[in-house]
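Visitor: Take a look at this one; I'll ask things after.
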Amino acid sequence: MQKIFVIQSPTAMDKFLDLKQKLAIVHDLQMAAYVLSWDQETYMPPGGAEARAQQLGTLFSLAHEKFTTDEIGHLLDDVKEYEASLPYDSDDASLIRVARREYLKKTRVPSEFVARQTETQALSYNTWVKARPQSDFHAVLPWLEKILDLSREYSSFFPNGSANDVNSPHHIADALIDLGDPQMSAADIRRVFGELREQLRPIVRAITSQPPADDSCIRQFFPEAQQLKFALDVAQQLGYDLTRGRQDKTAHPFMTHFSIGDVRITTRVKEYDWSEAFFSTIHEAGHAMYGQGHARALERTMLAEGTSSGVHESQSRLWENLVARSKNFWEYFYPKLQAAFPSQFQNVSLDTFYRAVNKVEPSLIRTDADEVTYNLHVMMRFEFELQMLEGKLAIRDLPDAWDETITRDVGATPPNLSQGVMQDVHWYGGQIGGAFQGYTLGNILSAQFFDAALRAHPNIPEQIRRGEFSTLRGWLQQNIYAHGAKFLPNEIIQRATGEGLNIQPYIAYLHGKYGELYEL
């Protein structure tokens, strides 16, 4: 008897599994490139710069090519029925939805451009690392001009501002902003920043008109090894898992993740400024706990990452500022700090130390700025980005514009370019446009998320006083970490807080904390 074999056509589930596997390969290529990027910013010898730029260009362009194939497009069409049968918040429906959104965006960008941009960014970064200590803006100027040209070129692929909202009014920066903060435009950010600026001005004026707090206790000599150990010990107690992470030194601190099981942080150390390494470590550990907290089912997919730069930054700023600069926190940790550095802190009261780590004054360096003046640094950079993209500010004129604006807006004048226009890596190793707004959005959201956590668990402050962080971390895990990039920023904010982006919890936090500190 002859057997008859019936060839069945692939089901929607088969198509989805095929799509998921192809997306996983793209993800693997991107993570391999991120490993090379991490090495470039930590241990790579200077002689490897040119080859590393080419290697990164190859990997990122290859990942881009594999993702933007017609086959991926057809599979995304084929799984629409399967997607429609699933709950909106399911992992599979979310992966399809996010992949389709990214596909619409990335199919507009040629692979050749991705390779060219990546190589330029890598070479520019290495030039900046060498030029920054010497304040040699002349060395980075031609690279910065190339970065600006590439940023404009990227925007040109999106003549309507965004691949996903073709009818919206747009600015040349909108497509760049969309890379880090989807759903936000230049107009949206200007509106939020304008409202925030008006609320901040009276606080800044009231505090900076007073004599600054004495912070000499944290500006003594602190051996590097002891600083790093204390900071990392605290980060572990907060919840950073060193079996799935590590810390290294770099020129500009960052967090990077290669998988949920490998999320790394970096810091930098000043032996005569204890706060630099400590708060950088806690900041990056906040990012890292977000990365380590993604649901395991999201591993090896594009959902295993943060939903936006603003939401990601909210996690680092929440742990760095609302937790690690709070009085409750130091009521527990200050005796441990005194034990670690007895000669520096044995005769310093908790109140003196607490005022020192919350000192408000005009400052030059964004990453060192206090909570009250920090956003002035971000707003200045954001406006510069728009002006450069619009052609209203030439790269050669940027140093003078920087010095003039920071003197006027912040009240501090840089003595050199390394403390001025060359301090941040973002433009020199990335893009111009969309590079900075996430920091202030993160500040706003940090207070909004923390406020929501307190409504759910009013005992969190008392737990922090006892050195217990599991309840706060558990709320963040459930409401933010676990979801990764499943939801758009506005969706995750609404789900976690019950409302959209709102600056009032942040303003109330600043008024409460600094009103008490400075008797406003």
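Visitor: If you place +1 on the Cβ of every Lys and Arg, -1 on the Cβ of every Asp and Glu, and leave all else neutral, what size is the dipole of the chain about its Cα centre, to the nearest 20 Debye?
Guide: Using only the charged Cβ atoms, the result is roughly 620 debye.
Visitor: Follow-up. In whole percent, what relative contact order does segment 450-500 give with Cα contacts below 8 Å and a gap of six or more residues?
Guide: The normalised contact order for segment 450-500 reaches 31 percent.
Visitor: Can you give the relative contact order of segment 371-520 as a percent, counting alpha carbon pairs under 8 Å and 6+ residues apart?
Guide: Computed over segment 371-520, the figure is 24 percent.
Visitor: Let me ask something additional. From the backbone phi of segment 74-88, what are the Karplus-calculated ³J(HN,Hα) couplings (6.51 cos²θ - 1.76 cosθ + 1.60, θ = phi - 60°) in whole Hz, Gly and Pro given as x?
Guide: Each residue's phi maps through the Karplus curve to give 5, 5, 4, 5, 5, 9, 4, 5, 4, 4, 5, 7, 9, x, 4 Hz.
Visitor: Give me the 1.4 Å probe accessible area per residue for the chain, excluding ligands and nucleic acids, in Å².
Guide: It amounts to 41 Å² per residue over the chain.
Visitor: I would also like to ask the following. Where the only charges are on Cβ atoms (+1 Lys, Arg; -1 Asp, Glu), what is the dipole of segment 1-153 about its Cα centre, to the nearest 20 debye?
Guide: Computed charge dipole of segment 1-153: roughly 120 debye.
Visitor: Peptides 305-317, 230-242, 171-183, 500-512: what's the order by average Cβ count within 10 Å, highest mean first?
Guide: With the highest mean Cβ count within 10 Å placed first, the list reads 305-317, 171-183, 230-242, 500-512.
Visitor: Determine the relative contact order of the chain: mean sequence separation of Cα pairs under 8 Å and six or more apart, normalised by residue count, in whole percent.
Guide: The value is 18 percent.
Visitor: Enter the Cα centre distance for the pair segment 427-465 and segment 228-277, rounded to the nearest angstrom.
Guide: Segment 427-465 and segment 228-277 have Cα centres separated by 18 Å.
Visitor: Using the per-residue mean of other Cβ atoms lying within 10 Å as a proxy for protection, in what order, highest first, do the peptides 380-393, 201-214 fall?
Guide: The packing order, highest mean first, is 380-393, 201-214.
Visitor: Right, next: Ignoring ligands, DNA and RNA, please state the percent of accessible area on segment 331-437 from carbon and sulfur, probe 1.4 Å.
Guide: 45
Visitor: Given R₀ = 30 Å, what would the calculated FRET efficiency be for Ala84 paired with Ala456, taking r from the Cβ atoms and rounding to 0.05?
Guide: Efficiency at R0 = 30 Å is approximately 0.35.
Visitor: Further question: I'd like the GluC sites (Glu not before Pro) in segment 461-497 restricted to DSSP loop residues with at most 16 other Cβ atoms within 10 Å, sorted by number.
Guide: Listed in order of number, the matching sites are Glu468.
Visitor: Sticking with this structure for a sec: Along the charge dipole of segment 109-252, Cβ charges K/R +1 and D/E -1, which of Ala225, Ala251, Ala235 sits furthest on the positive end?
Guide: Ala225
Visitor: For the chain, what is the percent of antiparallel DSSP beta bridges, rounded to the nearest 5?
Guide: Around 60 percent antiparallel, to the nearest 5.
Visitor: Could you run the Karplus curve 6.51 cos²θ - 1.76 cosθ + 1.60 with θ = phi - 60° over segment 103-110 and give me ³J(HN,Hα) per residue in whole Hz, x for Gly and Pro?
Guide: For segment 103-110, the Karplus-derived couplings read 5, 4, 6, 7, 5, 7, 10, x Hz, x marking Gly and Pro.
Visitor: Taking amide hydrogens as modeled 1.01 Å from N in the peptide plane, which residues meet the under 5 Å criterion relative to Ile260, leaving out close sequence neighbours?
Guide: Long-range HN contacts for Ile260: Arg300.
Visitor: Compare the Cα positions of Leu123, Ile96, Gln183 along the charge dipole of the chain (+1 at Cβ of Lys, Arg; -1 at Cβ of Asp, Glu; about the Cα centre) and return the one farthest towards the positive end.
Guide: Highest projection toward the positive end goes to Ile96.
Visitor: Let me ask something else. Which value at 222 nm does the chain reach when only helices count, each DSSP H run of 4 or more adding -39,500 (n - 2.57), with the total divided by all residues and rounded to the nearest 500 deg cm²/dmol?
Guide: Helix contribution divided over all residues of the chain: -19000 deg cm²/dmol.
Visitor: May I pose another question? Can you list the residues, at least 5 places off or on another chain, whose amide H is less than 5 Å from the amide H of Asp248, using H built in the peptide plane?
Guide: Ile265, Thr266, Thr267
Visitor: If each residue of separation counts as 0.36 nm, what is the full-extension length gain between Asp397 and Leu242 once their alpha-carbon separation is subtracted?
Guide: Answer, rounded to one decimal: 51.3 nm.
The values are calculated or read from the model by the stated rules, or taken from the named source; none is laboratory data. Values in this document were obtained by computation on a predicted structure and should not be read as measured data. All Cβ positions, even for glycine, are placed from backbone atoms using ideal geometry, and neighbour counts span all protein chains on display. Only protein heavy atoms, including side chains, enter the accessible area calculation; ligands, DNA and RNA are left aside. Shrake-Rupley method; radii C 1.70, N 1.55, O 1.52, S 1.80 Å.
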